[in-house]
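Asker: I have a structure here, written as structure tokens, and I will follow up with some questions on it.
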Amino acid sequence: MKPKVFATHSLFDAAREILKDNCEVEYWTRPERPPRDEVLRRVKDKEALICLLTEKVNEELLQAAPKLRIAANVAVGFDNIDVAACTKRGVVATNTPGVLDETTADFAWTLLMAVARRLGEGEALTRSGNWTGWDLDQLVGTDVWGKTLGLVGFGRIGRAVAQRANGFRMRVIYTDAVRAPAEVENELHAEFMEMNALLEEADFISVHVPLLPETRGLFDASKFRRMRPTAFLINTARGPVVDEAALVAALENKKIAGAALDVYEKEPLIPPGLKRPNVVLAPHIASASLETRTKMACMAAENVIALFGGRRPENALNPEVLKV
Ligand SMILES: NC(=O)c1ccc[n+]([C@@H]2O[C@H](COP(=O)([O-])OP(=O)(O)OC[C@H]3O[C@@H](n4cnc5c(N)ncnc54)[C@H](O)[C@@H]3O)[C@@H](O)[C@H]2O)c1
């Protein structure tokens, strides 16, 4: 008997190919995300779930899926998964680390450049038909090269962002719960700092910490007060790491110069106060290149195949539940 799998997305051909011979997969193929009751209904008889960050794998879902042995997230962030609850029930939870670092770092830079050089405003003007021609002080932005980049979270993605900053001849400072080894700091020309010092010194702050109880609301009013009035905040991590109401207030009161966001507290809701010219808004697409999203889907599929093949899924978040 092949293990029964529910995939909450049709995935990509390459991932379907990995699953097709060894699993009986039911795919959610509609363009919208599946409603919660539909997910709960479909996991009832399944031994594996391949899910996206839009699905909560919590006590409720685990109760609805008594046969479940693995929840394979197609994302590196796993704040949508209650790992402790999975562990309690012997369910392996997996994520997709590593394959999206460069793509996500590229996009953090896309946002940084766009907000510094006012690309959103420039694009809107050019398309509007109201552009009357070149002018000396038209849409003047802020230089990126030679400035100070502050990274909050210096893991896989934070480091990939740092690597790119070297090409812009920037000074790179970072803060993290764990200081990086000296070789990494030297290679990336990155200097460790406490959070408060980083807030005061950085011209651009890019956030790369996971969403955890300790990082929820990390960027609150007190952090914005410490930032420079000329500084920009870039968030490609998770929305709730930034207190959006405090961010809106900081923008309104000119405590900071602008922001560029890929993620939001209550996606897909965008607070009206963020829809301002000095804020660049993207719809959670930092890892969204075809190559990378395909790799992520394949990695999730491989994790499922490994478990049912009697091997250790490479990206187990709770390896203690594995017997092999
Ligand atoms: N927008 C997107 O599409 C997108 C894409 C990929 C990743 N992400 C997000 O980016 C996050 C980071 O990914 P990664 O692969 O670099 O993770 P990682 O685990 O390699 O790095 C995270 C870093 O944050 C640090 N950290 C954890 N808690 C901290 C705290 N309280 N204070 C300071 N530092 C702390 C860790 O020590 C680690 O160095 C993911 O968890 C995910 O939520 C978003």
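Every read-out reported here was derived from the displayed coordinates using simple, explicitly stated rules and does not represent laboratory data. Model, not experiment: these values are computed from the prediction. All Cβ positions, even for glycine, are placed from backbone atoms using ideal geometry, and neighbour counts span all protein chains on display.
Asker: Only helices at least 20 Å long along their axis, Cα-based, and averaging 0.0 or more on Kyte-Doolittle count here, so list those DSSP H runs from the chain.
Answerer: 101-116, 290-308
Asker: Hey, if you put +1 on the Cβ of every Lys and Arg and -1 on every Asp and Glu Cβ in the chain, which of A237, C86, N303 ends up farthest toward the positive end of that dipole?
Answerer: So the residue we want is C86.
Asker: Ok, one more. Nearest 0.05, what FRET efficiency do N130 and Q63 give at R0 = 51 Å with Cβ-Cβ as r?
Answerer: Numbers: r = 57 Å, r/R0 = 1.11.
Efficiency computed from Cβ-Cβ geometry: 0.35.
Asker: To continue, here is another question. Of the listed peptides 255-267, 205-217, what is their order by residue-averaged count of other C-beta atoms within 10 Å, with the highest listed first?
Answerer: Per-residue mean Cβ counts within 10 Å order the peptides as 255-267, 205-217.
Asker: Treat every Asp and Glu Cβ in the chain as -1 and every Lys and Arg Cβ as +1, leave all other atoms uncharged, and give the resulting dipole magnitude about the Cα centre to the nearest 20 debye.
Answerer: Using only the charged Cβ atoms, the result is roughly 620 debye.
Asker: Using the Cα centre of the stretch 178-324 as origin and beta-carbon charges of +1 (Lys, Arg) and -1 (Asp, Glu), tell me which of L322, P283, V207 is placed farthest towards the positive end of the dipole.
Answerer: P283
Asker: Of the GluC sites (Glu not before Pro) in the stretch 23-54, which ones lie in a loop per DSSP and count no more than 14 other C-beta atoms within 10 Å?
Answerer: For GluC sites (Glu not before Pro) across the stretch 23-54 that sit outside H, G, I, E and B with at most 14 neighbouring Cβ atoms in 10 Å, the list reads E32.
Asker: Which value, in debye to the nearest 20, describes the size of the charge dipole of the stretch 202-324 about its Cα centre when Lys and Arg Cβ atoms bear +1, Asp and Glu Cβ atoms bear -1, and nothing else is charged?
Answerer: Computed charge dipole of the stretch 202-324: roughly 200 debye.
Asker: Right, next: Return the subset of K44/K295; K4/K295; K2/K44; K20/K266 for which the Cα-Cα distance in this structure is over 24 Å, preserving the input order.
Answerer: Flagged as over cut-off: K44/K295; K20/K266.
Asker: Using the Cβ atoms and a cut-off under 15 Å, what net charge is assigned to the surroundings of K254, where Lys and Arg are +1 and Asp and Glu are -1? It would help to have the intermediate numbers written out before the result.
Answerer: Numbers: positive: R225, R226, R228, K255, R276; negative: E252.
That sum, taken over residues with Cβ under 15 Å, equals +4.
Asker: Of all DSSP beta bridges located in the stretch 171-291, what percent are antiparallel, nearest 5?
Answerer: Percentage antiparallel, nearest 5: 0.
Asker: What does the highest-first list of 295-302, 107-114 look like by mean Cβ count within 10 Å?
Answerer: Final packing ranking: 295-302, 107-114.
Asker: Right, here's the next one. Quick check: from the Cα gyration tensor, does the stretch 190-324 come out rounded (a/c under 1.5), prolate or oblate?
Answerer: prolate
Asker: For R312 and R89, compute 0.36 nm times the residue count separating them, minus their Cα-Cα distance, and round to one decimal in nm.
Answerer: Working it through step by step, the gained length comes to 78.5 nm.
Asker: If we count every other residue with Cβ under 14 angstrom of T215's Cβ, Lys/Arg +1 and Asp/Glu -1, where does the sum land?
Answerer: -3
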